[in-house]
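Reading through the C-alpha coordinates given below for one structure.
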Amino acid sequence: MEINKKIIEELVGYLKEYNLSEIEYAEGQTKVKVSKSINNSGVMAPLVHKSKSKTVDSLDANLKVTSPIVGTAYLALEPGKKKFIEIGQKIKKGQTIMIVEAMKTMNHVPSTSDGIVDKILVKDGEPVEFGQNLISLK
(Lines give C-alpha, C1' and ligand atoms only; values in the text may rest on other atoms or scores of the structure.)
Protein backbone atom coordinates (compact mmCIF):
# COMPACT_ATOMS: atom_id res chain seq x y z
CA MET A 1 0.00 0.00 0.00
CA GLU A 2 1.29 3.44 -0.93
CA ILE A 3 0.65 6.25 1.55
CA ASN A 4 -0.72 9.45 0.04
CA LYS A 5 1.26 12.12 1.88
CA LYS A 6 -0.90 14.92 0.47
CA ILE A 7 -3.97 13.62 2.36
CA ILE A 8 -2.00 13.41 5.60
CA GLU A 9 -0.64 16.93 5.13
CA GLU A 10 -4.18 18.26 4.50
CA LEU A 11 -5.52 16.50 7.60
CA VAL A 12 -2.67 17.90 9.72
CA GLY A 13 -3.55 21.34 8.33
CA TYR A 14 -7.17 20.88 9.45
CA LEU A 15 -5.98 19.83 12.93
CA LYS A 16 -4.11 23.11 13.24
CA GLU A 17 -6.69 25.33 11.50
CA TYR A 18 -9.65 24.13 13.59
CA ASN A 19 -7.66 23.36 16.75
CA LEU A 20 -8.74 19.70 16.69
CA SER A 21 -7.13 16.85 18.57
CA GLU A 22 -8.05 14.17 16.03
CA ILE A 23 -9.45 13.81 12.51
CA GLU A 24 -10.30 10.74 10.41
CA TYR A 25 -10.72 10.38 6.63
CA ALA A 26 -11.96 7.36 4.67
CA GLU A 27 -12.19 6.70 0.95
CA GLY A 28 -13.00 3.20 -0.26
CA GLN A 29 -10.86 0.70 1.64
CA THR A 30 -8.37 3.39 2.73
CA LYS A 31 -8.74 4.99 6.16
CA VAL A 32 -6.43 7.63 7.59
CA LYS A 33 -6.59 8.90 11.17
CA VAL A 34 -4.40 11.78 12.32
CA SER A 35 -4.20 12.92 15.93
CA LYS A 36 -1.99 15.07 18.09
CA SER A 37 -1.05 14.74 21.71
CA ILE A 38 -1.10 17.55 24.21
CA ASN A 39 2.26 18.03 25.93
CA ASN A 40 0.76 19.76 28.96
CA SER A 41 -1.69 16.98 29.74
CA GLY A 42 -1.30 17.46 33.49
CA VAL A 43 -2.41 21.08 33.17
CA MET A 44 -5.13 20.59 30.56
CA ALA A 45 -6.84 17.46 31.90
CA PRO A 46 -8.32 19.05 35.05
CA LEU A 47 -9.66 22.03 33.08
CA VAL A 48 -11.30 19.85 30.45
CA HIS A 49 -12.70 17.44 33.03
CA LYS A 50 -14.13 20.28 35.11
CA SER A 51 -15.93 21.98 32.20
CA LYS A 52 -17.33 18.69 30.87
CA SER A 53 -18.81 17.73 34.23
CA LYS A 54 -20.64 21.08 34.48
CA THR A 55 -22.16 20.64 31.04
CA VAL A 56 -23.23 17.05 31.69
CA ASP A 57 -24.80 17.89 35.05
CA SER A 58 -26.81 20.82 33.71
CA LEU A 59 -28.01 18.98 30.60
CA ASP A 60 -28.95 15.57 32.00
CA ALA A 61 -32.67 16.42 32.15
CA ASN A 62 -32.76 17.80 28.59
CA LEU A 63 -32.50 16.23 25.14
CA LYS A 64 -29.29 17.03 23.29
CA VAL A 65 -28.61 17.30 19.57
CA THR A 66 -24.99 16.38 18.79
CA SER A 67 -22.71 17.07 15.87
CA PRO A 68 -22.66 14.27 13.29
CA ILE A 69 -19.21 15.35 12.02
CA VAL A 70 -16.07 17.33 12.81
CA GLY A 71 -16.07 20.83 11.36
CA THR A 72 -17.06 24.45 11.90
CA ALA A 73 -20.55 25.28 13.16
CA TYR A 74 -22.57 28.08 11.60
CA LEU A 75 -25.84 29.25 13.14
CA ALA A 76 -27.12 30.97 9.94
CA LEU A 77 -26.95 30.30 6.22
CA GLU A 78 -24.77 33.39 5.68
CA PRO A 79 -23.20 36.00 7.98
CA GLY A 80 -25.81 38.58 8.97
CA LYS A 81 -28.76 36.39 7.92
CA LYS A 82 -31.48 35.05 10.23
CA LYS A 83 -30.31 32.21 12.50
CA PHE A 84 -31.78 28.73 11.95
CA ILE A 85 -32.94 28.58 15.59
CA GLU A 86 -33.34 30.86 18.61
CA ILE A 87 -33.61 30.08 22.32
CA GLY A 88 -37.26 29.43 23.21
CA GLN A 89 -38.19 28.44 19.64
CA LYS A 90 -40.29 25.31 19.11
CA ILE A 91 -38.63 22.99 16.57
CA LYS A 92 -39.60 19.75 14.88
CA LYS A 93 -37.62 16.58 14.27
CA GLY A 94 -35.68 16.92 11.01
CA GLN A 95 -35.62 20.74 11.07
CA THR A 96 -32.19 22.24 10.31
CA ILE A 97 -30.67 23.65 13.51
CA MET A 98 -27.32 24.76 12.05
CA ILE A 99 -24.70 23.98 9.42
CA VAL A 100 -21.39 22.23 10.07
CA GLU A 101 -18.78 22.90 7.39
CA ALA A 102 -16.30 20.09 6.81
CA MET A 103 -13.76 20.09 4.01
CA LYS A 104 -15.51 22.97 2.17
CA THR A 105 -18.87 21.13 2.28
CA MET A 106 -21.83 22.67 4.11
CA ASN A 107 -23.70 19.95 6.02
CA HIS A 108 -27.17 20.77 7.38
CA VAL A 109 -27.62 19.37 10.90
CA PRO A 110 -31.21 18.26 11.58
CA SER A 111 -32.86 18.12 14.98
CA THR A 112 -33.14 14.55 16.21
CA SER A 113 -36.43 15.23 18.03
CA ASP A 114 -39.22 17.73 18.60
CA GLY A 115 -38.77 20.23 21.41
CA ILE A 116 -38.14 23.78 22.53
CA VAL A 117 -34.61 25.17 22.23
CA ASP A 118 -33.33 25.59 25.78
CA LYS A 119 -29.66 26.38 25.05
CA ILE A 120 -27.42 26.83 22.05
CA LEU A 121 -24.13 25.32 23.19
CA VAL A 122 -21.83 26.51 20.38
CA LYS A 123 -20.98 29.91 18.96
CA ASP A 124 -21.16 30.86 15.30
CA GLY A 125 -17.90 29.91 13.55
CA GLU A 126 -16.76 27.68 16.42
CA PRO A 127 -14.99 24.36 15.65
CA VAL A 128 -16.98 21.30 16.76
CA GLU A 129 -16.05 17.65 17.29
CA PHE A 130 -18.02 14.54 16.35
CA GLY A 131 -20.60 13.85 19.07
CA GLN A 132 -20.24 17.30 20.68
CA ASN A 133 -23.49 18.72 22.10
CA LEU A 134 -24.76 21.52 19.85
CA ILE A 135 -28.12 22.40 21.42
CA SER A 136 -30.24 21.40 24.39
CA LEU A 137 -34.00 20.87 24.02
CA LYS A 138 -36.76 20.91 26.64
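The values are calculated or read from the model by the stated rules, or taken from the named source; none is laboratory data. None of the values given here were measured: they were computed from a predicted structure. Every residue, glycine among them, receives a Cβ derived from its backbone with ideal geometry; neighbour counts consider all protein chains shown.
At a glance:
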read-out	value
Test for residue 25: is it modelled with pLDDT of 75 or more, surrounded by 10 or more Cβ atoms within 10 Å (Cβ to Cβ) and under 15 Å from residue 127 (Cβ atoms)	no
Single condition residue 138 does not satisfy, out of (1) closer than 23 Å to residue 35 by Cα; (2) modelled with pLDDT under 90	(1)
Within the stretch 76-129, tally of residues that are closer than 18 Å to residue 20 by Cα and among the acidic types (Asp, Glu)	4
Odd one out for residue 116 among (1) surrounded by fewer than 17 Cβ atoms within 10 Å (Cβ to Cβ); (2) part of a loop (DSSP other than H, G, I, E, B); (3) modelled with pLDDT of 90 or more	(2)
The lone exception for residue 100 - which of (1) at pLDDT below 85; (2) within 11 Å of the chain's Cα centre (by Cα) it fails	(1)
Whichever residue in the stretch 1-21 is among the acidic types (Asp, Glu) and modelled with pLDDT of 80 or more and, among such residues, is surrounded by the fewest Cβ atoms within 10 Å (Cβ to Cβ)	9
